[in-house]
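The values are calculated or read from the model by the stated rules, or taken from the named source; none is laboratory data. Quantities reported herein were computed from a predicted structural model and do not represent experimental measurements. Every residue, glycine among them, receives a Cβ derived from its backbone with ideal geometry; neighbour counts consider all protein chains shown. Surface accessibility is based on the protein's heavy atoms, side chains included, excluding ligands, DNA and RNA. Shrake-Rupley method; radii C 1.70, N 1.55, O 1.52, S 1.80 Å.
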Amino acid sequence: MLGFFNKLISYKQSIIVVIVLVCTLIGFSLTYRYKLEKVMFDYAKQQMQLASTSELNNINKSITDIIKYLKIASRSLSENQIGSNKVYQPVADGLKNVVGFLDVGVADIYGKSIYGFQLPDGEIQKIIAGLRKGAYVGYVPDLDNSYYDIIIAVPVYTADYISNILFVRITETEWLRYLDNGNNRVISLNKSRFSFLSHDFDKIVHINDFTINKKIPYEVMVYVRNLLSQDGIDDEDNAERTANYYKNFLGRNANQLFLFQSDDLQKFYVTVLNTNYDGFYYLNVVSAAAFDSRINSILIMFVVFAICFILVVVILLIYYEFTVNASKKSIHNLAYVDEFTQLPNKSSLRLKFKEMSLASKPNNHNLYIVKLVISNYNWISRLYGFKVAEKFEMNVANYFRKLTDEHVFISRVQDFFVLLIATHGNEDIKDILTESFDKIDTVDTVDFKAVYTCGVAEYIEDEKTVINDELLDFYLDNCAIAIAASAKNKSKEYRGQFKNRIYFYSPKFREEIQANSVFENELQPALESKDFLVFLQPKYDLETNKLVGAEALVRWNYRGQGIIPPFKFIPIFEKNGSIAAIDNYVFDETLALLRKWKSNGMKLVPVSVNLSQVQFLNPNLVSELRKKVENDLDLIPYIDIEITESATVGDTVHVIDLLTQIKKIGFKLSMDDFGTGYSSLSNFIGNAF
């Protein structure tokens, strides 16, 4: 959506968009109003059916619970002497306390009242006929003779036969109170709806009636009876057949919503459901006006929502009109500008690299990619803090920003600067960079000079060159390779010195890296196949001209093609830490050789083996050496652990502690290349040597 807003360049266009949206909404409402009303009607219908089913389930459950309590009371009467008020009164009081119904009675099977409420004449025969199913649910006229009350009865057994009948009469008030106490009344009643139980659509047995017009429930009941009679049969002579038909019809049409119009032209929606008890049906009646008003309220809510949506769109459009320029600038800065120096970032660099690379050949220029790094940045930040270090970075940014023209472009990528310079050759690059060093090496607040290192790679174009994002990364890698390779080759020349340096990339640097990678991958297989050979260089006493020892030297029989001298592979493995594996290999081979001399009865002389600097980072060094010689304790004095002076650079205390532990095992200690500039003899006065 924002992408669409980007095309809106005037307030008038925004207004046009709003008008189109309003017209679309109006057209949608008119076109789909009928469908929308139908959807809302179906939803309201579903809610009414769910409410009806829920209330009916609670009514069925309530009657089932009452039958259960009556059967418990019946068993109590069966176990006690029938005919005594001392027996009936506690049972009746117990029922009243549990279910809350005042009219409790007991009668014999002939209709004679024994205790409490007296049944109407002829009612006892209907009850006895209904007791075949274990309980009877029926009706009797209420006190006002307007509706009917519910009567529920269970048999009382003496031995194996029915001797009496226990029953309760439930008035409308008691029924509503019972439902409320059981939390079963889930539908709130008002003047727009009511529900009731009907027996054979002839009598209203129980009603939740809040209607003003008392005739309406009867009219509804007659309407449903007539509806069923038109659809099928209504056989007054065969009540059971009629009841089965009603039950089957309502079962098939449980989700049906009937529309009824009363004599005073009021309209109602009616749902009719079967109950669990023969002859009883549940009717839920809702005023059509209230039903339709709910649908209309939902439609109104939809319209209000639509209006609010349009208002929100209008506000967004107006807001966009006033903020578009600032937003575009902010987004552009986030995408293409370095936040700290405000120089172009890597995204801008990619675009400029493509532009300058395409223009270099037609203009007879060579394009150079320069990676410029403040070499002593960490020293500056440690001595003066990051704020001062950042001032040096800003110094670089400000200088080259002024210098930038069509031939020079500067950007900041991560923690270094990248320059694109179009010129004629390496000497021009040196002149430009050397001149800049004198302008950017100091800042006003501190008396300290920054030192810069530059890696330079020349853009080479041929017929296979494809200018894309990966090509820039390739040349940036070349710059980094130039710095790393040249600094390594000139490390001794510049050791201890801080000088500005410019390194030019050469393809041989990348070839060397690839060759080193081959060596690294072949180290472990070479160790396993014992392609490394250990030679002994003898040591003689110049005064006696006698052999006093030897030094173990390693050579690599590379793929069986010939011996590779150590200076070609040792520096590679020292750099990546794999030299420790070669140290261990030489130590094991030397120890095996000493065992062989001892086994052959030959004279033993001390043999020196190297311990590289990386070994001192191993926390298990001493324990591993001790384990290697645990079965050759007599050979320990003939092993001379030789370390280079460079191994002591760093944590001198830690190194001395390790050497002391090694000497306690019994090994001899010696130092190789002593005095080459890493430390002095004073560092080791009183140490393990």
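Here are a few things to note about the model shown:
- In a DSSP loop and with at most 10 other Cβ atoms within 10 Å, the trypsin sites (Lys or Arg not before Pro) in region 536-636 are K603.
- Taking 0.36 nm per residue of separation and subtracting the current Cα-Cα distance, fully stretching the chain between K247 and S262 would add 2.9 nm.
- The mean of 1/r over all pairs of different alpha-carbon atoms in region 534-663, once inverted, gives a Kirkwood hydrodynamic radius of 16.1 Å.
- Taking 7 Å steps out from each Cα toward its Cβ at S229 and S670 produces label points 12.8 nm apart.
- Of the GluC sites (Glu not before Pro) found in region 403-441, those in coil by DSSP whose Cβ has at most 16 other Cβ atoms within 10 Å are E406.
- Spatially proximal lysines relative to K68 (Cα-Cα < 20 Å; intrachain offsets below 8 disregarded): K96, K133
- Modelled spin-label separation between D428 and N97, with each label point placed 7 Å from Cα along the Cα-to-Cβ direction: 11.2 nm.
- Sequence-distant lysines (8 or more away, or on other chains) whose Cα lies within less than 28 Å of K664: K539, K596, K598, K603, K627, K628
- Of K354/K387; K329/K361; K371/K449, pairs whose Cα-Cα distance is over 30 Å: K354/K387; K329/K361
- Using the Cβ-Cβ distance between K354 and L533 with R0 = 41 Å, the FRET efficiency computed as 1/(1 + (r/R0)^6) comes to roughly 0.15.
- Equivalent ellipsoid semi-axes, region 340-487, via Cα gyration tensor eigenvalues times 5, rooted, Å: 28, 15, 14
- Two-site label geometry, S78 and Q342: point separation in nm, points 7 Å out along Cα→Cβ: 10.0
- Neighbour-limited loop hits for GluC sites (Glu not before Pro), region 519-614 (at most 15 other Cβ within 10 Å; DSSP other than H, G, I, E, B): E543
- Label zone (L633, point 7 Å along Cα-to-C-beta; backbone nitrogen cut-off 17 Å) within region 654-668: 662-668.
- Where region 346-410 is the region considered: accessible area per residue in Å², 1.4 Å probe: 54
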